[in-house]
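The values are calculated or read from the model by the stated rules, or taken from the named source; none is laboratory data. Everything numeric in this text was worked out from a predicted model, so none of it was measured. Note: ideal-geometry Cβ built from the backbone for every residue, glycine included; neighbour counts use all protein chains shown.
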Amino acid sequence: MLIGARQIFIRFHGCQLSCEYCDSPESRSGKPPAACRVEKRPGHGDFIDISNPVTASRIGGILEEWISMSPTAHHSISLTGGEPLLQLSSKKEFLPVLRDLLPLYLETNGIDYETLAECVDFMDYISMDMKLPSATGMKEYWKNHAEFLKVASKRNVFVKIVVSNHTRICEIQQACDTILSVDENIPLVLQPLTTHDGKLGISGRYLIELQETASIPLRRVRVIPQTHKFMGLL
Ligand code: SF4
């Protein structure tokens, strides 16, 4: 929903899920790496390694330096992963440090509503996934998603669903029902699946059918692909 707004990405290691389409499998499982990579100048791809674990004050110092290079260019800090709530559950000291710099935007799989409840007041925006078994290859998480959305609706939240040629109409209807049960004004983004070789995993015709299905009960439905892939960033 913030398409075109420039963000600083912080990618947290670890995730409790294993979606088939995951574009960061290295950050979702296994032991945390010995170092994290930090881009010295935004967009230049000139990464340096910093030993893990990184403290809140260290990351705050790095971001302050970035922001000072172009003080008005950034909209927000995107907390992404992996699943950021997994680490934030024990690292809440990061949140006030980061939020002093810029608004916070949480990119989450929409499962761990208990940790969200502990962190939600720090979040300015929440992009919450609803995971469809047809796209992820995993079980369904409707109960978690419903609880999560209730907590997230305290803030500026929107729901994102990755859709493919295998997505079932009944799954879209279930997602719409879950949104309607909390607030009919919450926006829904349908994101066409990007395959590992960079192609779209859904036909234009079927994407339109899914968009029409969601647009019957919901007023704010958008189709937005993964734009950073088209731009060759991150
Ligand atoms: S929830 Fe996100 S990070 Fe976790 S496996 Fe799925 S796509 Fe990857």
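Within the stretch 194-207, the residues that satisfy the criterion of being more than 23 Å from the chain's Cα centre (by Cα) and surrounded by 11 or more Cβ atoms within 10 Å (Cβ to Cβ) are S203, Y206. Quick one: in the stretch 132-171, which of the residues that are in contact (Cβ under 8 Å) with a residue 24 or more places away in the chain and charged (D, E, K, R) is farthest from D112 (Cα to Cα)? Among those residues, the one meeting the criterion is R168.
To keep it simple, each residue is scored yes or no on (1) more than 16 Å from the ligand (Cβ to nearest atom); (2) aromatic (F, W, Y); (3) out of contact with any strand residue (DSSP E or B) (no Cβ under 6 Å at 6 or more places or on another chain); (4) modelled with pLDDT of 95 or more.
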{"residue": "S76", "(1), (2), (3), (4)": "yes, no, no, yes"}
{"residue": "P84", "(1), (2), (3), (4)": "no, no, yes, yes"}
{"residue": "P96", "(1), (2), (3), (4)": "yes, no, yes, yes"}
{"residue": "L116", "(1), (2), (3), (4)": "no, no, yes, yes"}
{"residue": "V120", "(1), (2), (3), (4)": "yes, no, yes, yes"}
{"residue": "M123", "(1), (2), (3), (4)": "yes, no, no, yes"}
{"residue": "S127", "(1), (2), (3), (4)": "no, no, no, yes"}
{"residue": "P133", "(1), (2), (3), (4)": "no, no, yes, no"}
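Applying the set (1) more than 16 Å from the ligand (Cβ to nearest atom); (2) surrounded by 12 or more Cβ atoms within 10 Å (Cβ to Cβ); (3) closer than 19 Å to G232 by Cα to A56 leaves exactly one unmet item: (3).
Residue count for the stretch 42-86 under the criterion of being assigned to a loop (DSSP other than H, G, I, E, B) and not hydroxyl-bearing (S, T, Y): the result is 15. For the condition more than 12 Å from the ligand (Cβ to nearest atom), over 19 Å from N109 (Cα atoms) and surrounded by 12 or more Cβ atoms within 10 Å (Cβ to Cβ), A34 does not qualify.
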